[in-house]
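> Here you go, one structure.
Bear in mind these aren't lab numbers, they're just calculated from the coordinates by the rules spelled out. What you are looking at is a predicted structure, and each value in this text was computed from that prediction instead of being measured. Don't worry about glycine lacking a Cβ; one is built from the backbone with ideal geometry, like all the others, and counts go over all protein chains shown.
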Amino acid sequence: MPKWILLARKFFVYVVALDDAVRSVKKFRDRNPHSALKKYCSYVGQSIHDPDCRYRQHKQCRGKNISFSCICGAVKRPLTKNLSNRFVYKYGLSLRREVYEEFNPLKTRREAEDLEEALANALSRKDHAVWWG
């Protein structure tokens, strides 16, 4: 793990509401075979960046000539590579703060990864077609 991640000391989980049009993507449907029966579509992630900064990365860090300045202070240098999940980039509508705010920040990457999976599974049981990981 890079040293700058170890120095971050804070980790976050977040949930993004996805547009229903994501259901038309075969890869999303394959992971969510009953997505047509679900009311909502969501993406669950975890990061060293706070949820607002990470959401901006998903929406802006795709394609060529990327230069993204972190707004949360987790990384001091401009980010220059693709950091976007394709579903959030194309279908992301907004953060669903009510789902994750009470859990943040977390102390370790392992806690964040475990909670990411737990939130994804919980949302799946609550009528959400979910992409995570």
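> What net charge is computed for the residues neighbouring ALA17, neighbours being all others with C-beta under 14 Å from the C-beta of ALA17, Lys and Arg scored +1, Asp and Glu -1?
+4
> With θ taken as phi - 60° and the coefficients 6.51, -1.76 and 1.60, list the Karplus ³J(HN,Hα) couplings across segment 30-37 in order, rounded to whole Hz; mark glycine and proline as x.
Once θ is set to phi - 60°, the couplings for segment 30-37 become 4, 7, 10, x, 9, 4, 5, 8 Hz.
> Place a point 7 Å from the Cα of ARG31 along the Cα-to-Cβ direction; which residues of segment 74-116 have their backbone N under 16 Å from it?
Label zone hits: 83-93, 113-116.
> Enumerate by residue number the trypsin sites (Lys or Arg not before Pro) in segment 31-82 meeting two conditions: DSSP loop (anything except H, G, I, E, B), and at most 11 other Cβ atoms within 10 Å of the site's Cβ.
Of the trypsin sites (Lys or Arg not before Pro), the ones in loops of segment 31-82 whose Cβ has at most 11 other Cβ atoms within 10 Å are LYS39, LYS64, LYS76, LYS81.
> When the Karplus curve 6.51 cos²θ - 1.76 cosθ + 1.60 is applied with θ = phi - 60°, which whole-Hz ³J(HN,Hα) does each residue of segment 46-62 get, with x for Gly and Pro?
9, 6, 7, 8, 5, x, 5, 5, 5, 4, 4, 4, 4, 7, 10, 9, 8
> So what are the radius of gyration and Dmax for the Cα set of the chain, in Å?
14.8, 44
> Now for a separate question. Ordered by packing density, taken as the mean number of other Cβ atoms within 10 Å over each peptide's residues, highest first, how do 87-96, 103-112 rank?
Packing order, densest peptide first, comes out as 87-96, 103-112.
> Are there cysteines in the chain with no other Cys C-beta under 4.7 Å, and if so, which?
Those would be CYS41, CYS61, CYS70, since no other cysteine Cβ in the chain comes under 4.7 Å of theirs.
> In addition: Return the long-range amide H neighbours of TRP131 (sequence gap of 5 or more, or a different chain), with a cut-off of under 5 Å between placed amide H atoms.
So TRP131 has HN proximity to SER42, TYR43, VAL44.
> Restricting things to Cα coordinates, could you compute the convex hull volume per residue of segment 93-133 in Å³?
Cα-based convex hull of segment 93-133, divided per residue, equals 83 Å³.
> Tell me, in nm to one decimal, what length is gained between ASP52 and SER24 on full extension, where the rule is 0.36 nm per residue of separation less the Cα-Cα distance?
Using 0.36 nm per residue and subtracting the Cα-Cα distance, I get 7.4 nm.
> In addition: Once all Cα-Cα distances of segment 56-101 are split into 5 Å bins that start at 0, what whole-number percent is in each one?
Here the calculated profile for segment 56-101 is 5, 21, 23, 23, 18, 7, 2.
> Can you compute 3J(HN,Hα) from phi for each residue in segment 103-112, using the Karplus curve 6.51 cos²θ - 1.76 cosθ + 1.60 with θ = phi - 60°, rounded to whole Hz and x for Gly and Pro?
With coefficients 6.51, -1.76 and 1.60, one gets 8, 8, x, 10, 8, 9, 4, 4, 4, 5 Hz.
> Quick check for me: using +1 on Lys/Arg Cβ and -1 on Asp/Glu Cβ, what's the dipole size of the chain about its Cα centre, in debye to the nearest 20?
620 debye
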